[in-house]
Amino acid sequence: MAAILGFGGYVPERVMTNDDWSALVDTDDEWITVRTGIKRRRFAADDEATVDLAANAATKALDDAGLSAADIDEIVVATDTPEAYTPDTASFLQHRLGAREVPAYDLGGSGCAGFVQALDVARARMLLEPKRILVVGVELISRLMDWTDRSFCVLFGDAAGAVVLGPDTGKAELLDVVAGTDGSQTDILTLKTGGTRHPFNEESLKSGAYHHLDMDGRRVFREAVHRMSSAVGEVLERTGRTMDDVALVIPHQANKRIIDAVGHKLDITEDRVYINVHEYGNTGSATVPFALWEAREKGRIAAGDFVVLTAFGAGFHWAAAAVQF
Ligand code: ACO
């Protein structure tokens, strides 16, 4: 059995509202609200980096589990905005938490699907050999994005979320996870510069290409709705459940219109879909674990509830997880 022993979430203190953005770029609250549902987001302080956010969420998850860092047997971090180019954020986190010299690795580059993919890997590793695995989703997008590009900068925020998985009886059971990839769609959401095909050079530095995200917003929208809802259907089928059994769906929080369209496709009322994108924006691989932690904190999840997580991200990747509280 793969149990979830503890949950953690963290957002930095600094709040950036839509009006704050309209003072910096040519945008306004109405455009952002109508297109995305986002009203505000959190940005890390100048002296915070990815591992600071990750460590805060991880510490809460450990506290919630009644464990210390010494009890952890493995660490997985999902992020596209790592502490450094190399080594991975998991190495920094292992040291920061004072964990033992356990396996630690990042799942990077899978965008906003990263955390649920990491759950898939961690669950499989845990069933192979019973152990306690810390799984973190963290992004500090504000540090790396182009603050002058109104098409992107208003969409994102910084956050971290974490769970501790273990073989013991926990607060919830991670029943199953499904995941998939359509690599023919790498072009619809990509940051090309910095890889070996388009290395950093003087030209990319001057043109700002190093932080330019290419996105076909409308195709991303369509794929996101299709893939997140079908992944939910797949994980329900594998666990022998139906939508009637679902107390809460926690989808990736990219924008409210995508979330509404997924809810519509799943034929589920809005009160059974967790939404916090208005408060935090799109925090990449952190949206799902942070929302899971927040939903519990706010009393939106009770003992006995069956909850489904679903996410999509650049790749194009998607994943869904079934959780029985
Ligand atoms: N404020 C005001 N105007 C803006 C802004 C802004 N912040 N950003 C873009 N515009 C303008 C554009 O320049 C364009 O102007 P033009 O018509 O004069 O050329 C106009 O608004 C329409 O731009 P579009 O990009 O076509 O706007 P669209 O209606 O498609 O909305 C959005 C953009 C919100 C990104 C939408 O495509 C969407 O929801 N896509 C889904 C993808 C998504 O949410 N991605 C987030 C990250 S991906 C992930 O989480 C995996």
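Couple of notes before you dig in:
- Test: Glu173 is farther than 30 Å from Phe325 by Cα, more than 16 Å from the ligand (Cβ to nearest atom) and either of a type in the set (Asp, Glu) or in contact with a strand residue (DSSP E or B) (Cβ under 9 Å, 6 or more places away or on another chain) (or both): no
- Residue tally, condition loosely packed, with under 14 Cβ neighbours inside 10 Å and polar (S, T, N, Q), over the stretch 154-185: 2
- Taken together, Leu134, Leu165, Leu127, Leu175 contain a single residue that is of a type in the set (A, V, I, L, M, F, W, C), part of a helix (DSSP H, G or I) and at negative phi, which is Leu127.
- Qualifying position, being in contact (Cβ under 8 Å) with a residue 60 or more places away in the chain and acidic (Asp, Glu), among Asp88, Asp106, Asp176: Asp176
- Condition met for Ala69 (in the same structural domain as Val121 (by TED's automatic domain parsing), in contact with a helix residue (DSSP H, G or I) (Cβ under 6 Å, 6 or more places away or on another chain) and more than 18 Å from His252 (Cα to Cα)): yes
- If you go through the stretch 26-37 and keep only what is within 7 Å of the ligand (Cβ to nearest atom) and either part of a helix (DSSP H, G or I) or out of contact with any Phe, Trp or Tyr (no Cβ under 7 Å at 6 or more places or on another chain) (or both), you end up with Asp26, Asp28, Trp31, Ile32, Arg35, Thr36.
- Hey, Leu213 surrounded by 14 or more Cβ atoms within 10 Å (Cβ to Cβ), over 30 Å from Glu101 (Cβ atoms) and not small (Gly, Ala, Ser) or not: yes
- Any chance Thr17 is under 20 Å from Leu119 (Cβ atoms) and either of a type outside the set (Phe, Trp, Tyr) or within 16 Å of the ligand (Cβ to nearest atom) (or both): no
- A search for C-beta distances below 9 Å between a residue of the stretch 56-77 that is modelled with pLDDT under 95 and any residue that is not in a strand (DSSP E or B), counting only pairs 6+ apart in sequence or on different chains, returns nothing.
- The residue of the stretch 236-255 that is nearest to the ligand (Cβ to nearest atom), among those that are outside any loop (DSSP other than H, G, I, E, B) and β-branched (Val, Ile, Thr), is Ile250.
- Taking the listed residues Phe221, Phe200, the one that is within 14 Å of the ligand (Cβ to nearest atom), surrounded by fewer than 18 Cβ atoms within 10 Å (Cβ to Cβ) and aromatic (Phe, Trp, Tyr) is Phe221, with no other qualifying.
- Breaking point among (1) in a helix (DSSP H, G or I); (2) within 13 Å of the ligand (Cβ to nearest atom), for Val232: (2)
- Considering only residues in the stretch 122-158 that are of a type in the set (A, V, I, L, M, F, W, C) and within 15 Å of the chain's Cα centre (by Cα), the one that is nearest to the ligand (Cβ to nearest atom) turns out to be Leu155.
- Test result for Thr59, assigned by TED's automatic domain parsing to the domain that holds Gly109 and either more than 13 Å from the ligand (Cβ to nearest atom) or within 30 Å of Ala124 (Cα to Cα) (or both): yes
- Selection count, the stretch 233-285, where residues are β-branched (Val, Ile, Thr), out of contact with any Pro (no Cβ under 8 Å at 6 or more places or on another chain) and more than 16 Å from Cys112 (Cα to Cα): 7
- Residue identified as buried (at least 16 other Cβ atoms within 10 Å of the Cβ), modelled with pLDDT of 95 or more and part of a loop (DSSP other than H, G, I, E, B) among Glu101, Glu83: Glu83
The values are calculated or read from the model by the stated rules, or taken from the named source; none is laboratory data. Predicted model only: the values in this text are computed from it and were never measured. Using ideal geometry, Cβ is built from the backbone for each residue, glycine included, and neighbour counts are taken over all protein chains shown.
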